[in-house]
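The values are calculated or read from the model by the stated rules, or taken from the named source; none is laboratory data. Just so it is clear, the model here is predicted, and its values are computed rather than measured. As a convention, Cβ positions derive from the backbone with ideal geometry for all residues, glycine included, and neighbour counts pool all protein chains shown. Surface areas here come from the heavy atoms of the whole protein model, side chains and all, with no ligands, DNA or RNA. Shrake-Rupley method; radii C 1.70, N 1.55, O 1.52, S 1.80 Å.
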Amino acid sequence: VDVFQAWCGPCKPVVNLFKKIKNEVGSNLLHFAVAEVDSIDALEKYRGQCEPVFLFYTGGELVAVVRGADAPLLQKTILKQL
């Protein structure tokens, strides 16, 4: 989940990375979503930050968090979680 604030929007360059990985892996286990922290109370702790935050869930449980648009770290985290 790409967690963002309305004033800065979702991290668009990372969307392309996720699409590339999904095409390469071809897994139905990988899903990408965006969530605006200002409208979701459960994400309140991510408000007021100026860096993108990516939350990784498996079976409804938070399993990893990546702060910043670090493409190699995001790819490594995705592949590890798959």
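Annotation for segment 40-56 versus segment 1-20: alpha-carbon center distance of 12 Å. Counting only DSSP beta bridges with both residues in the chain, the antiparallel share comes to about 75 percent. To the nearest ten degrees, helix 12-25 and the longest principal axis of the Cα atoms of the chain are 30 degrees apart. The residues of the chain expose on average 64 square angstrom of accessible surface per residue, using a 1.4 Å probe on protein heavy atoms. Computed 3J(HN,Hα) for segment 52-65, one whole-Hz value per residue from the Karplus formula 6.51 cos²θ - 1.76 cosθ + 1.60 where θ = phi - 60°, is x, 10, 10, 9, 10, 10, 9, x, x, 10, 5, 10, 7, 9, glycine and proline marked x. Among the lysines of segment 2-81, pairs that are 8 or more positions apart or on different chains and have alpha carbons within less than 17 Å of each other number 8. Only the Cβ atoms of Lys and Arg (+1) and of Asp and Glu (-1) were treated as charged; on that basis the dipole of the chain about its Cα centre amounts to roughly 360 debye.
Find out how many positive minus negative residues lie around V66, taking Lys and Arg as positive, Asp and Glu as negative, among other residues whose Cβ is under 14 Å from that of V66. My count for the surroundings of V66 gives 0. Each of A33, V1, L74 was scored by the projection of its Cα onto the charge dipole of the chain, and the greatest displacement toward the positive side belongs to L74; charges sit on the C-beta of Lys, Arg, Asp and Glu. Under 5 Å between amide hydrogens, built in the peptide plane, is the criterion, and for A64 it picks out F56 among residues at least 5 positions away or on other chains. Taking a ≥ b ≥ c as the square roots of the Cα gyration tensor eigenvalues, segment 33-75 comes out oblate, since a/c reaches at least 1.5 and a/b does not exceed b/c.
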